[in-house]
Amino acid sequence: MSLLPQLIEQIKEEFQNRYEAVPSWVVAAPGRVNLIGEHTDYNDGFVLPMAIDRYTVIAAAPAEGPKANLFSVNKNESAEIIIDGIVNPDEKVEWSSYVQGTVSCCREEGFISRPFNALIHSTVPLGGGLSSSASLEVATATLVERISGKKFEPVAKALLCQKAEHLFAKMPCGIMDQFIATMGVEGQAMLLDCRSKKMRMVPLTDANIAILIVNSNVQHELTGSNYAERRDQCRQAAEILGVPSLRDANLLRLEKAKDALGDVLYRRAKHVITENFRAGALADMLALADWESCGRHMYASHESLRDDYEVSCDELDLLVNIAKSIGMEEGVYGSRMTGGGFGGCTVSLVRAGRAVAIGEAIKTRYMEKTGIEPTVFSTKPSQGAMVIL
Ligand code: GLA
């Protein structure tokens, strides 16, 4: 059963309790899991994410001016944001920065909000690598559309949310998270060409297959600076290879430039080149219901992220190793880290009838080794941003 209807009823009640009024507007945007194509979006490459049935929901109603009042149920905190005039991003990034940033970027595009009270409740684990921030940005942009009575073209909306994240959350992310949160479709994963912005939807509705997410519940520090460093290394590698971006490189060219690149840049570029190939291949294999091949690509992606791109960590490696040791016979086709890395989640492709048992086995063995309780859930490709009221 989808968790969204429950969450909507709950947030309406919470809104009423806090603001003593009924909400005039309710909007939602999902988190995402990336099936494959990691650290390829900012290299003009290919990604294959799907929206998950975990949402950030915002309920809101007009308020007396001049500001907007926010309350986050997850943080149990209030904040005020400015809705008119030019706003300079704060030094310190808070949860409200995502809302402030998106509202400000919308305003620059002529989408004007009036003062409002809003309550925000999210079932996307915060900071867990499932794009809780993009879901908050996209939900906010959807709220502004609702308030202003105007609609963005979907690609423009996703790019605006990315801009808000760059400027106000100071995270130089690619376009994947905001695209899938805006344009996700129920029952389908999205193969996105991050250069042309063309999408190919890949049906993923086989009842025998489940997408299992395991949150390691660790997030190592320096995630942000490591991300920026990887982006910069990719730029340097592309420059040495003489291509506009790593999307345009191939393995032959890479081998020829091995010495010029040096070990680190060589491995970074190798990951991106091979990962782009794997993303396209996985989309084809999913369409053919060739789960074994899908699984092989997922394991290969993880190894490449671990050894060449170096964005995994012990906990993620452990989760993937446990999944792998359960094996195909017992229902695990493939597993890999998902998202930026250095903690967060793994995504596994498993036989649906075995999903609960597999989840339990991974949980027990991970806890034995780390003492940390992981969060495990199955999900399915879900709808992107939506207006509920
Ligand atoms: C984060 C970023 C995305 C993408 C992934 C890695 O989630 O927000 O744009 O780069 O990392 O694939």
### Task
Give the residue that is nearest to residue 286 (Cα to Cα), with candidates limited to residues of segment 328-358 that are among the hydroxyl-bearing types (Ser, Thr, Tyr) and more than 16 Å from the ligand (Cβ to nearest atom).
333
### Query
Within segment 167-190, is even one residue of a type in the set (S, T, N, Q) and out of contact with any helix residue (DSSP H, G or I) (no Cβ under 7 Å at 6 or more places or on another chain)?
yes
### Message
Within segment 5-28, does at least one residue satisfy the condition of being in contact (Cβ under 8 Å) with a residue 60 or more places away in the chain, within 16 Å of the ligand (Cβ to nearest atom), assigned to a strand (DSSP E or B) and under 30 Å from residue 335 (Cα atoms)?
### Response
no
### Task
Look at residue 151 and say whether it is away from the ligand (no atom under 15 Å from the Cβ) and surrounded by 23 or more Cβ atoms within 10 Å (Cβ to Cβ).
no
## Note on the structure
Of the residues in segment 346-373 that are under 24 Å from the mean Cα position of the chain (by Cα) and surrounded by fewer than 21 Cβ atoms within 10 Å (Cβ to Cβ), the one that is nearest to residue 125 (Cα to Cα) is 373
### Message
Let me spell it out: the conditions are (1) open to solvent by less than 10 Å² (accessible area, probe 1.4 Å); (2) within 16 Å of the ligand (Cβ to nearest atom), and residue 297 meets all of them except one. Which number is the exception?
### Response
(1)
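Residues 331, 341, 327: which one is touching a residue at least 12 places away in the same chain (Cβ under 8 Å) and either in contact with a strand residue (DSSP E or B) (Cβ under 7 Å, 6 or more places away or on another chain) or more than 20 Å from residue 227 (Cβ to Cβ) (or both)?
Every option except 331 fails the conditions.
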### Summary
Among the residues of segment 313-345, the number that are under 20 Å from the mean Cα position of the chain (by Cα) and open to solvent by 20 Å² or more (accessible area, probe 1.4 Å) is 4
### Message
Kindly evaluate residue 21 against the criterion of being more than 30 Å from residue 300 (Cα to Cα) and open to solvent by less than 10 Å² (accessible area, probe 1.4 Å).
### Response
no
### Message
I need every pair where a residue in segment 126-145 that is within 13 Å of the ligand (Cβ to nearest atom) has its Cβ under 6 Å from the Cβ of a residue that is modelled with pLDDT under 95, sequence separation at least 6 or different chains.
### Response
127/219; 132/126
#### Entry: segment 85-128, residues that are in a strand (DSSP E or B) and open to solvent by 20 Å² or more (accessible area, probe 1.4 Å)
117, 121
### Query
In segment 32-84, how many are open to solvent by 20 Å² or more (accessible area, probe 1.4 Å), in a loop (DSSP other than H, G, I, E, B) and either aromatic (Phe, Trp, Tyr) or within 16 Å of the ligand (Cβ to nearest atom) (or both)?
1
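In the set 259, 232, 177, which member is within 14 Å of the ligand (Cβ to nearest atom), of a type in the set (Asp, Glu) and over 21 Å from residue 131 (Cβ atoms)?
232 is the lone residue from the list that is within 14 Å of the ligand (Cβ to nearest atom), of a type in the set (Asp, Glu) and over 21 Å from residue 131 (Cβ atoms).
The values are calculated or read from the model by the stated rules, or taken from the named source; none is laboratory data. Quick caveat: nothing in here was measured; it's all calculated off a predicted structure. With ideal geometry, Cβ positions are generated from the backbone for all residues, glycine too; neighbour counts draw on all protein chains shown. Side chains are part of the model used for accessible areas, which takes the heavy atoms of the whole protein and leaves out ligands, DNA and RNA. Shrake-Rupley method; radii C 1.70, N 1.55, O 1.52, S 1.80 Å.
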